[in-house]
Every structure is written in C-alpha cells, then in structure tokens.
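Q: I'd like to ask you about the structure that follows.
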Amino acid sequence: MKKIYLTAFLLLSIQTLLACSCSFFWPDAAIIKNLSANSDLVVVGHPIKNIDDHYVSSNPKYMGTMILFKVDSIIKGKLMSDTIFINQETMGNCSLFFTSNEKYVIFGQQIKSYKKAENDSHAASSGYSNKTLTFRDQNNLLPFFKDLTKKYYTITTNQCISFTSRDSFISEYFNLTK
C-alpha cells in the first residue's frame, strides 16, 4: 500500500513540475492592457496550417504549436500580409496547442532572427531576447525557421498570453462578436 501512495505522490509531483505556470489565473482589464502594451503584435484570427510534424500533439483535436495563422483583424501592430508564422520553439510546456476552426486573440513578440544554442549547457538559457530566438536545434530546423521568417511576419506566444475568442472577458474587452 505504501508503494501505491509513493507512486501516486511521485506521479502528481512530476505533473506539477512539468505543468506550465502562468502568473495569473484569469485576465482582467489591467492584465490585458499590460499584455497589449508589451506585445509587438496583437491580432484576432485562426490557425490555417501546421507547418512541422515535430510539434504536433498526439491528440488529434490539436493542430500543433508551429503554425501559419490567418489574421482577421489587427488590434496592435502592422502587417504586410494576412498570414503570420507562430513559432513556439522555446515555450516548452507553455506552448499553446492550436485547435482548427477556433478563433484566437494572439499577443506576440516578433522574431526577426534565430541563433543556435552553442551547447547543451547553454540550452537552459535558451529563449527569446532582442527579437532573436535562441534554441537547441536538435531537429536541424534552423534553415526552415529562417525561411519561414523571411516569408512571414513571425511571432512567439504561449498559452499564458493568448486566448480563444470564446473567453468571455477577452471577447468583451476587445468587443468581438461571436
């Protein structure tokens, strides 16, 4: 019986360690205003295409985390096209798995360039800064990402800062119609 309790405890501990933790549980007007102010791009739209099989959920409900996204309206920022590339390479467990046929309000930081982490010890500090995404390129995707970023305005986002338009507070805040 002790082994069952210990196993259950360990599994719950691992789940807690691997879970994404957002700094808030539900957005309010101040949080949305802050997210908007600190984002390069805020758009409303929907995912149109998963662009890489490495980042597809095992759940068929979800498209993946690396997607092309069709912009229906721009809340903040300027675009030359109605399609953007969303790259969540360094978001880990905080990646937003997009659902097809779902409308989203996306808050994103622009990615202009990429840098490969020099070694595994540098991977702990891999991430986003100065519009550069630094990551361990285990799947040799750097040329692929660079090509997509030349073609599309590219952002990074995650499940803590992007929402479905069904979220009532988001819909009301931005006066979105369903």
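No lab work stands behind these numbers, since they all come straight from the coordinates. Note that the structure is a prediction, hence the values are computed from the model and not measured. Note: ideal-geometry Cβ built from the backbone for every residue, glycine included; neighbour counts use all protein chains shown.
Q: Using a Förster distance of 41 angstrom, determine the FRET efficiency expected from the C-beta separation of D72 and K116, and round it to 0.05. Mind dumping the intermediate values first?
A: On the way: r = 34 Å, r/R0 = 0.84.
Efficiency, rounded to the nearest 0.05: 0.75.
Q: Another question about this same structure. Check K115: other-chain or 5+ apart residues with amide H under 5 Å from its amide H, H built from backbone geometry?
A: Under 5 Å from the amide H of K115: L133, T134, F135.
Q: Let me ask something else about it. Calculate one ³J(HN,Hα) per residue across region 102-117 by plugging θ = phi - 60° into the Karplus curve 6.51 cos²θ - 1.76 cosθ + 1.60, and present them in order as whole Hz with x for glycine and proline.
A: In residue order, the calculated couplings are 10, 9, 10, 10, 10, 9, x, 9, 5, 10, 10, 8, 10, 9, 7, 4 Hz.
Q: Highest first, please rank the peptides 72-84, 97-109 by the mean number of other Cβ atoms sitting within 10 Å of their residues.
A: Values: 72-84: 13.4, 97-109: 18.8.
Ranking, from highest mean packing down: 97-109, 72-84.
Q: Now, a different point. Which ³J(HN,Hα) values, rounded to whole Hz and listed in residue order, are derived for region 41-47 from phi using the Karplus coefficients 6.51, -1.76 and 1.60 in 6.51 cos²θ - 1.76 cosθ + 1.60 with θ = phi - 60°, glycine and proline given as x?
A: 3J(HN,Hα) across region 41-47, in whole Hz: 9, 10, 9, 10, x, 8, x.
Q: In addition: Going by amide H atoms built from the backbone, whose H comes under 5 Å of the H on I48, apart from near neighbours?
A: For I48, whose amide H was placed from the backbone, the distant partners under 5 Å are L68, F69, K70.
Q: Amide H of Q109 versus every other amide H placed in the peptide plane: which residues, excluding those fewer than 5 positions away on the same chain, fall under 5 Å?
A: The list, which skips near neighbours in sequence, is D40, T156.
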